[in-house]
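Let me begin by presenting the structure, written as structure tokens, before commenting on it.
The values are calculated or read from the model by the stated rules, or taken from the named source; none is laboratory data. This one's a predicted model, so the numbers in the text were calculated from it and none came from an experiment. Don't worry about glycine lacking a Cβ; one is built from the backbone with ideal geometry, like all the others, and counts go over all protein chains shown. Please note that ligands, DNA and RNA were not included when accessible areas were found on the heavy atoms of the full protein model with its side chains. Shrake-Rupley method; radii C 1.70, N 1.55, O 1.52, S 1.80 Å.
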Amino acid sequence: MNIHGVIAIFNYEMARMKRTLIQSIVAPVVTTSLYFVVFGAAIGSRIQQVEGVSYGAFIVPGLIMLSLLTNSISNASFGIYFPKFSGTVYEMLSAPISAMEVVLGYVGAAAAKSVILAMIILATAGFFIDLEIRHPVLMLIFVFLTATSFSLFGFILGIWADNFEKLSVVPTLLITPLVFLGGSFYSTEMLPPIWQTVALMNPVLYLVSGLRWSFYEISEVNVFVSLSCIGVFTLLCLAVIAIIFRTGYRLRA
Amino acid sequence: MSSSSKNIISIKCLNKVYGSGFEALKSVNLDIHQGEVLALLGPNGAGKTTLISAICGIVRPSSGSITVDGHDIQRYFRVTRSLIGLVPQELTTDSFETVWNTVSFSRGLFGKEPNPNHIERVLRSLSLWDKKDNMLRTLSGGMKRRVLIAKALSHEPRILFLDEPTAGVDVSLRKDMWKIVENLKTQGVTIILTTHYIEEAEEIADRIGVINHGKLILIEEKDALMSKLGKKQLVLELTKRLDTIPSEFESLDLVLSEDQHLLTYTFDSASESHDISEFLIKIQGRNIQYKDLRTTQSSLEEIFVTLVQKAEGDTDEGIKAE
Ligand SMILES: Nc1ncnc2c1ncn2[C@@H]1O[C@H](COP(=O)(O)OP(=O)(O)OP(=O)(O)O)[C@@H](O)[C@H]1O
Ligand SMILES: [Mg+2]
């Protein structure tokens, strides 16, 4: 195992975050505050309570999920796409490092960044509402698993993409709509029955539901269903990555 | 370099067909000796970079085998790759990193524990020390090239590939580069470089390989190659003008300069039949007096051009014959 190699990739990727500290840290604080001002204060003043929790508190898991998904995907996809684009990937391909070690470095860093951001959002939320987390360990497990699996997904996206457009199309056209329609900012019980059924086909709903259960013990679907979903998704991404490296797909000519 | 020395890299029947169907390497067989400087020459698109990329693991061979220090490069990639440093042809660098970080990153990537002293030594030897905190995008092209060399040397490789290290590099930096190569050679590093500057190969290489259209058409000790293929010229500065070249010398390649003062005799230094002293005696016998004489040897460049042209001629004939 090339542990120095994994650490080198991890640190290199984290250094990128440090260079863009303002963008990395201030941006989520600002957006989270905006969500609370707009959704929490303006809309929340009319909705009052959802399933026994204040509207402001209700949207916290959704906000965290939104940030986790978009950041994991963009961090990991950009991390591996950029060396491909600039040509510096030659060094990784010629280094004594296995495919899975490369994945560990990139995905580890991307996931670590998203987890840090999630914690920043959580802390920011604490300024606006009284936070209560019934199952903090489970909450961390959800945050960690989601960050990992979607960083894996982002890694695949970064290898697949051969231009910047492809890189941004998945997060903006697929993930953001799924998060918004996945019950992040409302309970599906507020929807007409047909749409409740449709909403259940949205995988992100299971994630948001699971995370929300760890906060307030309220959920749309059983929390174990949520956990299995994320587990299956992680394994699926790992399998795809294994195939990519076995065939040298888009990395080695 | 004796032929009995150990082969650090051994390539057998290597073929590479790119996804496009293009055959970039055609049954290449090559043994690279430990500690030697091997120069690979060949026109654009000949397959030099492809060959290097295959050895380093960047390009997957279509067939054939490559071993480095006796280990198969696919099966034992951890061993073989950690022995190799690669300076690529393209200047590819992360614009926003500092010199120090990017070089330290390379060392880690190649599985070595951090060693700031070694990194400092490498940066100093490449005159990059005062640039260590500069961002890469603020460096000139020649300095970026040095950074790539520093990255390749960061993990103390025993084999170094330099793919056109002196392309677009000024004369003084080129001389520096030659010194660096010489230094590494004395440390026992095996060096394989590609170049389009033939005087460079002539200056620093022990052996020379020529690739054309994906085939290794020649691999020879430089000195042997020079004397075997080299044409020599003997120039006589005549005391008196000579009106015509005597008919007795018709079979020889003799040229008289326009001012009729210089007589140039071109001969193949490899051929057994020529004999300068005999020629000089004959000249004197014809009462042609000279006050000075010098010999010159054709450069590798001329040899190279002749070789490639010959190879092209061969393939042309092959096509015609079909
Ligand atoms: N990824 C690729 N896919 C398809 N063809 C390729 C690829 N890389 C190189 N080639 C082709 O293979 C041939 C050999 O290329 P290579 O880069 O090895 O040449 P070279 O000898 O290094 O040339 P130069 O002196 O210009 O650097 C060229 O015809 C090139 O177009
Ligand atoms: Mg090349």
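Miscellaneous remarks
- Built amide H within the under 5 Å cut-off of B:I217, gap 5+: B:V210, B:I211, B:N212
- Charge dipole magnitude, Cβ of K and R +1, D and E -1 - segment A:114-253, Cα centre, debye nearest 20: 580
- Equivalent-ellipsoid semi-axes of segment A:126-253, from the Cα gyration tensor, Å, largest first: 30, 17, 14
- Against chain A, whose longest principal axis comes from its Cα atoms, helix A:223-247 is set at around 20 degrees.
- Mean shadow area of segment A:74-165 over all directions, Cα convex hull, nm²: 7.4
- For segment A:3-14, backbone phi angles converted through the Karplus equation (6.51, -1.76, 1.60; θ = phi - 60°) give residue-by-residue couplings of 5, 4, x, 4, 5, 4, 5, 4, 5, 4, 5, 5 Hz, Gly and Pro being listed as x.
- Selection from A:F39, B:P61, A:L236, by position along the positive dipole direction of the protein assembly as shown (Cβ): A:F39
- Sorted from longest to shortest, the spans of the Cα atoms of segment A:149-215 along the three principal axes equal 41, 25, 17 Å.
- Label sites at A:R134 and B:D130, each approximated as a point 7 angstrom past Cα along Cα to Cβ, lie 6.7 nm apart.
- Think of each Lys and Arg Cβ as +1 and each Asp and Glu Cβ as -1; about the Cα centre, that makes the dipole of chain B roughly 1500 debye.
- Gain on full stretching of the segment that runs from B:V255 to B:C13 - 0.36 nm per residue minus C-alpha separation: 82.5 nm
- Of B:K310, B:K48, B:K132, the one that fluctuates the most in a GNM where chain B has Cα springs shorter than 10 Å: B:K310
- Chain A, helix-only ellipticity at 222 nm - DSSP H runs n ≥ 4, -39,500 (n - 2.57), divided by all residues, nearest 500: -23000 deg cm²/dmol
- Student exercise, segment B:231-297 dipole from Lys, Arg, Asp, Glu Cβ charges, in Debye to nearest 20: 240
- Calculated over the protein assembly as shown, the projected area of the Cα convex hull averaged across directions stands at 36.5 nm².
- Segment A:K84-A:I194, extension gain: residue separation times 0.36 nm, minus the distance between their alpha carbons: 35.1 nm
- Unsatisfied cross-links (Cα-Cα over 29 Å) in the set B:K112/B:K144; A:K84/B:K6; B:K179/B:K222; B:K6/B:K112; B:K175/B:K231: A:K84/B:K6
- Mean Cα-pair separation over length for chain B, i.e. relative contact order, pairs under 8 Å, 6 or more apart, %: 18
- Looking at segment A:9-96, the pairs of alpha carbons with a distance over 20 Å make up 53% of the total.
- Kirkwood-based shape ratio for segment B:231-297, expressed as Rg/Rh from alpha carbons: 0.93
- Given in Å, the Rg to one decimal and the Dmax to the nearest whole number for the Cα atoms of segment B:191-288 are 18.5, 54.
- The Cα center of segment A:60-130 and the Cα center of segment B:88-136 differ in position by 25 Å.
- C-alpha center-to-center spacing [segment B:137-184, segment A:150-209] in angstrom: 48
- Placed amide H near A:N2: partners under 5 Å, 5+ positions off or other chain: A:S98
- Chain B: most fluctuating residue of B:Y197, B:Y76, B:Y290 per GNM, C-alpha cutoff 10 Å: B:Y290
- Each label point was placed 7 Å from the Cα along the Cα-to-Cβ direction; for B:T186 and A:R46 their separation is 8.3 nm.
- When accessible surface is computed with a 1.4 Å probe, chains A and B are found to bury approximately 2600 Å² between them, both chains counted.
- Semi-axis lengths (Å, descending) of the ellipsoid that matches the C-alpha gyration tensor of segment B:137-197: 19, 14, 10
- Per residue, the accessible area of the protein assembly as shown comes to 47 Å², computed with a 1.4 Å probe over protein heavy atoms only.
- Our helix-only sum for chain B, with -39,500 (n - 2.57) per DSSP H run of n ≥ 4 divided by its residues, gives a mean residue ellipticity at 222 nm of -10500 deg cm²/dmol.
- At least 50 Å² of accessible area lost relative to the chain alone, listed for segment A:211-252 with a 1.4 Å probe: A:R252
- Cα-Cα pairs of segment A:4-54 separated by more than 15 Å (percent): 65
- The B:R78 and B:N115 beta-carbon pair, evaluated with R₀ = 25 Å, returns a calculated FRET efficiency of approximately 0.85.
- Applying the Kirkwood pairwise sum to the alpha-carbon positions of chain A produces a hydrodynamic radius of 18.9 angstrom.
- The alpha carbon convex hull volume per residue for segment B:7-227 rounds to 120 Å³.
- Segment A:192-201 - phi-based ³J(HN,Hα) in whole Hz, Karplus 6.51/-1.76/1.60, Gly and Pro as x: x, x, 4, 5, 4, 5, 4, 4, 5, 7
- Restricting segment A:71-168 to trypsin sites (Lys or Arg not before Pro) that sit in a DSSP loop and have at most 14 other Cβ atoms within 10 Å of their own Cβ leaves A:R134.
- Between 0 and 90°, nearest 10: helix B:116-125 axis offset from chain B longest Cα axis: 20
- Separation in nanometres of the label points that stand 7 Å from Cα toward Cβ, at B:D292 and B:F22: 5.1
- For segment B:52-62, 3J(HN,Hα) per residue [Karplus equation, 6.51 cos²θ - 1.76 cosθ + 1.60, θ = phi - 60°, Hz, x = Gly/Pro]: 4, 4, 5, 5, 7, x, 8, 10, 8, x, 7
- Nonlocal amide H pairs with B:E97, under 5 Å, H built at 1.01 Å: B:L136, B:R137
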